[in-house]
Amino acid sequence: MAFYKKMLKKVNNKWYPQSVLVGNPVTTDQIAKRLSAESTVTPADVYAVLIALGGVMGEYMAQGRSVKLTGIGTFYFTSSASKNGVNTEKEVTAKQINGVRIRFIPETRFRAGAGSTNSRVTVRGLSDVKIDWEEWKGVTKKKKGGTTPPSGSGAGH
C-alpha cells in the first residue's frame, strides 16, 4: 500500500494528492533476501552482485555508454558545465565540466490496448504495478531515511 497526503499548492491555491515515503528505505540486504527467496541464488551471492553492480555500471557509463537493465530501465551520465560559457568552439574543454549526474529512464514496453487489436499501451516496467493508495494519517517526521508509518498500518514491512 502506498500513501498520499493532501497538499495545497501556493501557485494556484488548489489541492493535490502528493505521495509520502514511510518507514526506512529498503536496504540492499532486504532486496538480496527477497531476490534469493524468489530464485535459486543464496542471499550472500545476491548481495555480492548487488554491491558490485554500481561499480560495474559506473565503469561502463564512464566509457560514454548507457546501461540497460532488462525489466528496470536505462542509466546514463549527463554533465553540467560552468555557468560562464566561452566565446569560441575552440575554447571548449573538459575543464568546464563541473558536475555529473546519473539519469534513469524506466524500461518501456508495449502491451495491447483496450478495444482495438491494433492499439498499444506504453508501460513503464517499474511503475507497472497495481498501487493501492491510502491517505496518510501519520505524522511526517523529518529524519534520515524517511518517515514513521502510522501504527497498525503494516507500512514499511
Would you mind getting the Kirkwood hydrodynamic radius of the stretch 1-70 from its Cα pairs, rounded to one decimal in Å?
15.7
Gain upon complete extension [LYS33, GLN18; 0.36 nm per residue less C-alpha separation]
2.4 nm
To the nearest 0.05, what FRET efficiency results for LYS10 and LYS137 with a Förster distance of 25 Å applied to their C-beta separation?
0.55
What is the mean projected area of the alpha carbon convex hull for the stretch 15-121, to one decimal in square nanometres?
14.2
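Each reported figure results from applying straightforward, stated rules to the coordinates on display, with no laboratory input. Everything numeric in this text was worked out from a predicted model, so none of it was measured. Backbone-built Cβ (ideal geometry, glycine too); neighbour counts: all protein chains shown.
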